[in-house]
Amino acid sequence: MLVCLCLKASLVFSWVCCVIAALRIVTWRRQGSTGSGEEEGLPKIFVRKSFHFIASIVFVTGLLGDVVLLHVACTVALVSFILIEVIRAYRLWPIGDSLHDYMSCLTDDRDSGRVIVTHIYLLLGFALPVWLVPTTKKGVFKLAMYSGVVSLGIGDSLASIFGKWLGRIKWPDSTKTLEGTLAGMVGQIAMGAILYSLDPEIVLENTSQKVHILVSLVFTSLLEGVTLQIDNLVLPVYILALLMVQ
């Protein structure tokens with residue numbers, strides 16, 4: 001019992017540290033933006049994708065350490081995000097205006113309306129696979145719980161960063177690049193291998209399961225390169241569906 005409580009406490013402490021790190025990144029971003037619209041330091045894309053990496057740390061530690069606690073934390077986080085967004089969108093006293101100023105430095109064209117939803121979509125992208133897959137499942141099903149980590153935390157992030165840095169060949173009717181897609185594909189495959197070695201509940205019984213996972217990762221990378229939909233929602237659900245097909 002004591003060991004279990006210590007594990008839960010250590011997980012919560014590590015998640016709080018991740019939240020503090022995310023808030024610090026937002027503060028740093030605001031300080032690096034000038035009134036003329038020019039930016040100092042790293043571009044916005046690098047700052048935004050850092051939240052994907054932070055979320056990956058939270059979900060990997062949670063899935064390895066205590067899935068039930070992660071379930072609860074995801075629910076609390078979603079309710080908190082919605083409440084904060086309501087306060088910000090309606091500028092409710094006393095912190096509505098401050099929240100609006102604090103969060104506006106990270107918006108993009110998907111947040112052009114009154115409501116900023118990108119962070120909520122990101123949370124849902126990571127949390128939906130955890131909520132939808134029964135906690136008793138093992139093997140490929142357990143890997144499916146990491147769908148948000150693999151597709152968003154690693155694949156989408158690397159595709160965006162490498163596409164921004166090195167991308168030259170664009171997909172038809174898209175700003176995304178082939179180089180970014182390849183980087184995301186390699187990153188997803190590498191992350192799948194790392195999770196396989198870390199999580200003892202991911203047990204693959206035969207070669208066909210490994211091929212199944214590899215094909216799912218490849219197709220998810222290709223979808224990331226060509227989709228015009230919301231990546232944070234579409235990619236995790238897509239790879240989750242592929243992995244759940246047995």
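Annotations for the structure displayed:
- Set of lysines with alpha-carbon distance to K142 below 28 Å, sequence-local pairs under 8 removed: K8, K49, K210
- For the range 96-107, backbone phi angles converted through the Karplus equation (6.51, -1.76, 1.60; θ = phi - 60°) give residue-by-residue couplings of x, 5, 5, 4, 4, 5, 5, 8, 5, 6, 10, 6 Hz, Gly and Pro being listed as x.
- Per residue, in Å², the accessible surface of the range 104-246 once ligands and nucleic acids are set aside, probe 1.4 Å: 48
- Cα shape, the range 143-192, gyration tensor, a/c 1.5 rule: prolate
- Counting only trypsin sites (Lys or Arg not before Pro) that DSSP places in a loop and that have at most 14 other Cβ atoms within 10 Å, the longest clean stretch of the chain runs over 1-90.
- Peptide packing: for 202-209, 181-188, 151-158, the average count of neighbouring Cβ atoms within 10 Å per residue gives the ranking 151-158, 181-188, 202-209, highest mean first.
- Size of charge dipole - the chain - debye, nearest 20, with Cβ of Lys, Arg +1 and Asp, Glu -1, no other charges: 140
- Over the residues of the chain, the helix contribution to mean residue ellipticity at 222 nm works out to -23000 deg cm²/dmol, using -39500 (n - 2.57) for each DSSP H run of at least 4.
- Taking only protein heavy atoms and a 1.4 Å probe, the accessible area of the chain is 71% carbon and sulfur.
- Estimated vicinal HN-Hα couplings, Hz - the range 191-201 in sequence order (Karplus 6.51, -1.76, 1.60; Gly, Pro = x): 5, x, 5, 5, 5, 4, 7, 8, 9, x, 7
- Per-residue HN-Hα couplings for the range 207-215 [Karplus 6.51, -1.76, 1.60; θ = phi - 60°; Hz; x = Gly/Pro]: 5, 4, 5, 5, 5, 4, 5, 4, 4
The values are calculated or read from the model by the stated rules, or taken from the named source; none is laboratory data. Here the structure is a predicted model, which means the values were calculated and not measured. Cβ atoms come from the backbone with ideal geometry, glycine included; neighbour counts cover every protein chain shown. Quick note on the areas: whole protein, heavy atoms, side chains included, nothing else; ligands and nucleic acids left out. Shrake-Rupley method; radii C 1.70, N 1.55, O 1.52, S 1.80 Å.
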